[in-house]
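A.B. asks: Take a look at this one; I'll ask things after.
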Amino acid sequence: MVHKDYTKYTPMMQQYLKTKDAYPDCLLFFRLGDFFELFFEDAKIASRELDITLTKRGKTEDTNIPMCGVPYHVADQYLAKLVAKGYRVAICDQVEDPKEAQGIVKREVIRVVTPGTFTNEAYLKKDENRYICAIQFIESSAALVFLDYSTGEFFSLENFFQDEDQAILWIQDQIATYDPKEILIHPDLLERLEFMNEKISIQVVDDFMVQKKLSITKELEESFFKLNMRHPLSYSTAIFLLNYISLTQKTNMDHILEIIPVDSGEELILDETAKKNLELFETLGRGDQEGSLYHVLNKNQTSMGARLLRYWINHPLRDPNKINQRLDFVELLFNDLIFLDQIKTSLKDVYDLKRLSVKIATGSISPRDLICLKNTLLTSKDLEEKLLASQKPECLKFVSNFPDLSDLINLIENTLIEDAPVLITDTIFIKQGVDEQLDQLIDARTHGKKWLIDLEKKEKEKTGIKNLRIKYNKILGYFIEVTKSNADAVPDYYLRKQTLVGSERFFTIELKEMESQILGSKDESLSLQSSIFLNLKNKTKDYLSRIQYTAQKIAELDIYSSFASLAHSYGYVRPLIQEDQVLEIKEGRHPMVEANQAFELFVPNDTYLNQNDEMIALITGPNMAGKSTYMRQVALICILAHIGSFVPASQAKIPPIDRIFTRIGASDNLSGGESTFMVEMKEVATITKEATSQSLVILDEVGRGTGTFDGLSIAWALIEYIAKEIKAKTLFATHYLELIPLADRIPGLVNLTVLTEENEHGISFLRKISHGYSNQSFGIDVAQLAGIDPRLIQRAKEIFLKLKADEKEKTPSLPPLYEKKEDKVFDKEEDYTNILKKLARIDLLSQTPLETLTQVQNLQIEVKEVLNDTSTDK
Ligand code: ADP
């Protein structure tokens with residue numbers, strides 16, 4: 001609602017309405033005395049959302065104006081709640097001293113608080129970044145920039161797409177990864193995106209052009225220059241975002257020192273499906289953080305380390321050299337427990353330097369914060385010395401460009417007392433010797449206090465009133481208090497100030513004079529201290545880039561020591577990262593299942609996958625046997641290795657992996673209007689389009705959401721396609737026992753199974769993966785374990801036996817082998833030799849007639865193919 005006709009309102013209300021009209025999409029916090037007040041519709045919203053009482057102030061045309069308010073000194077508490085609900089709030093404060101104002105106090109909007117720019121660390125999650133994002137998608141190029149204004153971390157991503165749907169998927173994946181609280185986006189693009197997190201606040205932007213020149217740091221300017229050369233679309237998006245920050249925050253951005261272009265070609269890519277399925281940040285069922293990989297890994301001492309760990313898990317490395325650099329450091333700490341312990345102890349005292357940096361930049365840092373900064377810098381110096389003293393090459397390299405911040409440490413140490421306050425009042429927090437004038441004032445105050453004590457003593461003696469007291473309060477100032485019973489002994493030169501029930505209060509000329517001296521010195525010392533502190537704050541700004549760099553180094557060191565501790569606690573080993581595309585894990589374990597299992601011991605399992613004869617493992621075995629756990633464990637071990645952590649195994653050789661794909665379980669997206677089967681097929685589509693020979697593919701049941709033959713055919717064709725076309729290392733768990741014989745037909749496919757034991761009570765799970773296959777699903781046995789009525793179980797068993805008997809009578813006929821036509825080069829002799837070898841390997845004694853028949857039939861198909869081909873040769 002725009003309030004055109006202001007005249008019917010009081011002058012103050014007119015001031016409110018004019019301001020509100022300039023910020024129509026924000027709630028307006030309007031400073032009145034000690035409160036921020038909201039009026040009209042804003043008041044109704046705030047009262048509902050914040051659960052505060054709705055009152056009224058004045059009237060327009062006989063209707064009351066709704067009003068509610070929050071005390072200004074705790075406003076952030078309410079702002080935190082409002083931004084969490086997606087609101088934007090314009091803060092309209094008094095910009096002149098009300099005592100000096102003529103007429104209405106001047107008020108202006110000093111800041112607009114938005115979900116993506118709220119920075120009060122008391123209300124931010126310590127281990128999560130809070131990003132604001134801007135997105136552009138123009139002519140097949142998509143650019144996203146993410147800024148955490150509370151820490152100054154700034155990233156850009158840009159990609160070119162031939163297929164628009166792919167672009168949309170990519171954009172959504174990035175949004176899910178960074179989880180921004182606010183997004184600036186063009187309406188056309190907005191329409192095409194689906195947001196999983198409905199709490200994201202959306203700012204629709206019709207035009208990303210900016211006219212205004214921004215005031216940014218020199219470092220950022222250089223970084224922007226480079227970005228513009230390589231990614232002009234990211235550049236313009238980033239400039240637009242900073243412009244938005246500058247418009248809303250109305251302050252400088254000196255803590256933003258660089259923008260980092262994220263190159264997905266250098267990372268192991270994990271899409272949103274993989275992150276969810278592998279429970280990297282939250283569990284699948286309840287969405288808890290406990291039980292996730294992040295939760296197991298996060299042994300960090302600092303919030304900076306915890307946040308960086310999130311980033312590392314989201315962006316595993318691909319370059320073996322970079323991975324090994326991280327592993328080297330972890331190994332070094334792992335091998336020296338005393339050193340590790342020293343470092344961890346030092347890290348405990350570290351303050352969140354990154355979140356402090358925004359306060360330094362915007363000038364909102366408190367004296368207490370600066371003391372914390374100084375102490376953290378001292379700790380960082382101590383860490384640097386420890387690393388240097390170790391003389392180890394990795395440590396020397398790590399500290400080689402550690403910035404020197406001794407000047408700043410000295411500056412703060414020499415200026416502020418150690419228990420400096422959060423709020424600046426007249427309490428002395430500047431050290432003696434910093435400012436001569438201040439020292440004199442402090443002297444006068446100390447002198448004044450002593451003078452008062454002496455006066456009290458003197459007056460007691462003079463009047464003989466034993467309980468005479470000199471007191472102070474804000475309204476009366478200093479006064480002499482005498483109880484009523486002593487009223488007669490009060491001398492003439494006492495001048496009455498106030499009469500209370502049991503006592504009388506007086507002043508003397510002498511006392512009044514001293515009062516103005518003491519109070520004057522209080523005011524003066526307050527303003528002197530403020531200006532000394534302002535000076536100190538400004539000088540601190542010069543050190544921002546060094547502080548940011550130190551913060552980054554501390555966060556890294558924190559993760560390394562966290563990884564080393566983790567490796568000790570759970571018995572992890574250093575993985576060998578090697579290029580030969582062989583994945584070999586000895587006695588691997590699932591990091592989260594292992595960590596959460598209190599009673600049952602985790603059974604370790606081996607894995608071997610290569611690019612030739614053991615590329616795809618088809619895993620059969622009953623439900624609950626441990627197939628999913630096993631497959632996830634392999635993927636998780638690969639991720640751990642790629643972020644530079646040790647892994648839960650006794651030995652691991654891990655090749656560089658470009659992407660991990662998962663298709664696991666029933667992940668319905670019914671709210672998105674898709675059935676389980678559709679979701680499943682979309683996941684399979686992504687795999688077939690994007691997997692390469694360097695990918696790891698995890699498939700837990702494919703084709704279960706449709707008719708048996710459709711599902712089986714898709715699963716079958718998919719295995720063939722991966723084996724022939726993609727050649728990705730693949731783990732494929734299935735209940736389609738019909739797929740088992742494929743191992744004889746498809747080179748690279750092997751059968752694995754999870755061992756079980758059958759006894760008179762049913763089956764028990766051994767959790768051991770072995771070569772071979774299980775030709776039973778044991779579904780009914782598992783149903784029995786789950787406690788289904790025995791009569792139902794008995795009937796299911798009868799039906800099962802009947803169906804099985806019927807099936808045995810049928811002879812399965814297999815489709816011809818999948819071949820890539822253009823690849824088909826026959827070598828007659830070699831083909832025949834291979835077929836004969838396979839024939840010789842058939843074990844007639846131990847297998848069923850049906851299995852023998854299937855194998856012979858396969859061989860027959862192969863022979864026919866070679867014959868056909870030879871005939872065309874003639
Ligand atoms: P499946 O996929 O075969 O149905 P799961 O992988 O879901 O079976 O495993 C079932 C349960 O067995 C899991 O909840 C896990 O706690 C336990 N489990 C799986 N693998 C192991 C193992 N190697 N050692 C110990 N417990 C295991």
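A.B. asks: Going residue by residue through segment 196-208, is there one that turns out to be modelled with pLDDT under 95, in contact with a helix residue (DSSP H, G or I) (Cβ under 7 Å, 6 or more places away or on another chain), of a type outside the set (Ser, Thr, Tyr) and under 30 Å from Gly291 (Cα atoms)?
C.D. replies: There is at least one residue in segment 196-208 that is modelled with pLDDT under 95, in contact with a helix residue (DSSP H, G or I) (Cβ under 7 Å, 6 or more places away or on another chain), of a type outside the set (Ser, Thr, Tyr) and under 30 Å from Gly291 (Cα atoms).
A.B. asks: Could you check segment 690-713 and list, in sequence order, the residues that are outside any loop (DSSP other than H, G, I, E, B) and free of Cβ contacts under 8 Å to residues at least 24 places away in the same chain?
C.D. replies: Residues of segment 690-713 that are outside any loop (DSSP other than H, G, I, E, B), as a first pass: 690, 696-700, 708-713.
Passing the criteria: Thr708, Phe709, Asp710, Ser713.
A.B. asks: Condition first: part of a helix (DSSP H, G or I), touching a residue at least 40 places away in the same chain (Cβ under 8 Å) and in contact with a Ser or Thr (Cβ under 6 Å, 6 or more places away or on another chain). Can you find one or more residues in segment 722-730 that meet it? Talk me through it step by step, then tell me what you get.
C.D. replies: First, the residues of segment 722-730 that are part of a helix (DSSP H, G or I): 722-726.
The next check asks that each one be touching a residue at least 40 places away in the same chain (Cβ under 8 Å); those that pass are 722-725.
If we keep only those that are in contact with a Ser or Thr (Cβ under 6 Å, 6 or more places away or on another chain) as well, we get 722.
Yes, the conditions are met somewhere in segment 722-730.
A.B. asks: Restricting the search to segment 756-776, which residues are more than 11 Å from the ligand (Cβ to nearest atom) and either in contact with a strand residue (DSSP E or B) (Cβ under 7 Å, 6 or more places away or on another chain) or closer than 20 Å to Val593 by Cα (or both)? Lay out the reasoning, then the answer.
C.D. replies: Taking segment 756-776 and keeping what is more than 11 Å from the ligand (Cβ to nearest atom), we get 757-764, 770-773, 775-776.
Within segment 756-776, Glu757, Ile763, Ser764, Ser770, His771, Gly772, Tyr773 qualify.
Conditions (1) in contact with a strand residue (DSSP E or B) (Cβ under 8 Å, 6 or more places away or on another chain); (2) of a type outside the set (S, T, N, Q); (3) modelled with pLDDT of 90 or more, marked per residue:
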| site | (1), (2), (3) |
| --- | --- |
| Val434 | no, yes, yes |
| Asp439 | no, yes, no |
| Asp443 | no, yes, no |
| Thr446 | no, no, no |
| Trp451 | no, yes, no |
| Lys471 | yes, yes, yes |
| Ile480 | yes, yes, yes |
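A.B. asks: Would you say Leu270 is touching a residue at least 12 places away in the same chain (Cβ under 8 Å), surrounded by 21 or more Cβ atoms within 10 Å (Cβ to Cβ), of a type in the set (A, V, I, L, M) and within 30 Å of Leu340 (Cβ to Cβ)? Step through it out loud before you land on a result.
C.D. replies: Numbers: touching a residue at least 12 places away in the same chain (Cβ under 8 Å): yes; surrounded by 21 or more Cβ atoms within 10 Å (Cβ to Cβ): yes; of a type in the set (A, V, I, L, M): yes; within 30 Å of Leu340 (Cβ to Cβ): yes.
Spelling it out, Leu270 is indeed touching a residue at least 12 places away in the same chain (Cβ under 8 Å), surrounded by 21 or more Cβ atoms within 10 Å (Cβ to Cβ), of a type in the set (A, V, I, L, M) and within 30 Å of Leu340 (Cβ to Cβ).
A.B. asks: Still on this structure, please answer the following. Among the listed residues Ile788, Ile780, which satisfies the condition of being within 16 Å of the ligand (Cβ to nearest atom), surrounded by 12 or more Cβ atoms within 10 Å (Cβ to Cβ), free of Cβ contacts under 8 Å to residues at least 24 places away in the same chain and among the β-branched types (Val, Ile, Thr)?
C.D. replies: Details: Ile788 fails: within 16 Å of the ligand (Cβ to nearest atom).
After applying the criteria, what remains is Ile780.
A.B. asks: What number of residues in segment 197-230 are within 21 Å of Asn314 (Cβ to Cβ) and without any contact (Cβ under 8 Å) to a residue 40 or more places away in the chain?
C.D. replies: Adding up the residues that qualify gives 1.
Okay, residues lined up against (1) over 24 Å from the mean Cα position of the chain (by Cα); (2) of a type in the set (Asp, Glu); (3) modelled with pLDDT under 95:
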{"residue": "Asp319", "(1), (2), (3)": "no, yes, no"}
{"residue": "Lys322", "(1), (2), (3)": "no, no, no"}
{"residue": "Leu327", "(1), (2), (3)": "no, no, no"}
{"residue": "Glu331", "(1), (2), (3)": "yes, yes, no"}
{"residue": "Asn335", "(1), (2), (3)": "yes, no, no"}
{"residue": "Arg355", "(1), (2), (3)": "no, no, yes"}
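A.B. asks: Would you mind listing the strands (runs of 3 or more DSSP E) fully within segment 479-594 where at least 1 residues are of a type outside the set (D, E, K, R) and within 16 Å of the ligand (Cβ to nearest atom)? Walk me through it before giving the result.
C.D. replies: Working: elements: 495-499, 503-507, 583-588.
Answer list for segment 479-594: 583-588.
A.B. asks: Go through segment 51-97 and count every residue that is part of a helix (DSSP H, G or I) and loosely packed, with under 13 Cβ neighbours inside 10 Å. I'd like the intermediate steps shown before the answer.
C.D. replies: At the first step, the residues of segment 51-97 found to be part of a helix (DSSP H, G or I) are 72-84.
Then drop every residue that is not loosely packed, with under 13 Cβ neighbours inside 10 Å, which leaves 73-74.
Selection size over segment 51-97: 2.
A.B. asks: Taking segment 24-48 on its own, how many of its residues are buried (at least 16 other Cβ atoms within 10 Å of the Cβ) and under 23 Å from Val204 (Cβ atoms)? Steps first, please.
C.D. replies: Quick first cut of segment 24-48, residues buried (at least 16 other Cβ atoms within 10 Å of the Cβ) only: 26-32, 35-40, 42-43, 45-47.
The next check asks that each one be under 23 Å from Val204 (Cβ atoms); those that pass are 26-28, 42, 45.
Residues meeting the conditions: 5.
A.B. asks: So how many residues does segment 737-751 have that are surrounded by 19 or more Cβ atoms within 10 Å (Cβ to Cβ) and farther than 23 Å from Pro622 by Cβ?
C.D. replies: So the answer is 3.
A.B. asks: Among the residues of segment 463-475, are any farther than 30 Å from Arg546 by Cβ, without any contact (Cβ under 8 Å) to a residue 40 or more places away in the chain and part of a helix (DSSP H, G or I)? If you could, list the steps in order and put the result at the bottom.
C.D. replies: Initially, segment 463-475 is screened for residues farther than 30 Å from Arg546 by Cβ, giving 463-475.
Subsequent filtering for residues that are without any contact (Cβ under 8 Å) to a residue 40 or more places away in the chain retains 463-469, 471-475.
Of the ones still in play, those that are also part of a helix (DSSP H, G or I) are 463.
For segment 463-475, residues farther than 30 Å from Arg546 by Cβ, without any contact (Cβ under 8 Å) to a residue 40 or more places away in the chain and part of a helix (DSSP H, G or I): present.
A.B. asks: Within segment 606-661, which residues are within 16 Å of the ligand (Cβ to nearest atom) and part of a helix (DSSP H, G or I)?
C.D. replies: Lys627, Ser628, Thr629, Tyr630, Met631, Arg632, Gln633, Val634, Ala635, Leu636, Ile637
A.B. asks: Looking only at segment 704-721, decide whether some residue is within 29 Å of the chain's Cα centre (by Cα), among the hydrophobic types (A, V, I, L, M, F, W, C) and not assigned by TED's automatic domain parsing to the domain that holds Leu327. Spell out how you get there, then give the answer.
C.D. replies: Here is the first cut: in segment 704-721, the ones within 29 Å of the chain's Cα centre (by Cα) are none.
No, every residue in segment 704-721 fails to be within 29 Å of the chain's Cα centre (by Cα), among the hydrophobic types (A, V, I, L, M, F, W, C) and not assigned by TED's automatic domain parsing to the domain that holds Leu327.
A.B. asks: If you scan segment 45-91, which residues turn out to be of a type in the set (Gly, Ala, Ser) and within 25 Å of Lys199 (Cβ to Cβ)?
C.D. replies: Going through segment 45-91, the residues of a type in the set (Gly, Ala, Ser) turn out to be 46-47, 58, 69, 75, 80, 84, 86, 90.
Residues satisfying the conditions are Ala46, Ser47, Ala75, Ala80, Ala84, Gly86, Ala90.
A.B. asks: Here's something else I'd like to know. Only one of Gly705, Gly748 is at pLDDT below 90 and more than 16 Å from the ligand (Cβ to nearest atom). Can you tell me which?
C.D. replies: On the way: Gly748 fails: at pLDDT below 90.
The match here is Gly705.
A.B. asks: Moving to a separate point now. Give the residue that is farthest from Ile740 (Cα to Cα), with candidates limited to residues of segment 842-857 that are outside any helix (DSSP H, G or I) and not polar (S, T, N, Q). Show your work before the answer.
C.D. replies: First, the residues of segment 842-857 that are outside any helix (DSSP H, G or I): 842-848.
Filter again for not polar (S, T, N, Q), leaving 842-845.
Working: Ile842: 15, Asp843: 16, Leu844: 17, Leu845: 19 Å.
Out of the qualifying residues, it is Leu845.
A.B. asks: Do the conditions hold for Ile183, that is, is it at pLDDT 95 or above and within 23 Å of Tyr87 (Cα to Cα)?
C.D. replies: On the way: at pLDDT 95 or above: yes; within 23 Å of Tyr87 (Cα to Cα): yes.
Taking the combined requirement at face value, the residue satisfies it.
A.B. asks: Collect the residues in segment 357-413 that are surrounded by fewer than 20 Cβ atoms within 10 Å (Cβ to Cβ) and outside any helix (DSSP H, G or I), keeping them in residue-number order.
C.D. replies: Gly363, Ser364, Ser366, Gln391, Lys392, Ser400, Asn401, Phe402, Pro403, Asp404
A.B. asks: Being more than 22 Å from the chain's Cα centre (by Cα) and of a type in the set (D, E, K, R): is that true of Asp163 here? I'd like the intermediate steps shown before the answer.
C.D. replies: Working: more than 22 Å from the chain's Cα centre (by Cα): yes; of a type in the set (D, E, K, R): yes.
So Asp163 fits the description; yes.
The values are calculated or read from the model by the stated rules, or taken from the named source; none is laboratory data. Treat the numbers as computed from the prediction; the structure is a model and nothing was measured. Counting neighbours? That spans all protein chains shown, and the Cβs are built from the backbone with ideal geometry, glycine included.
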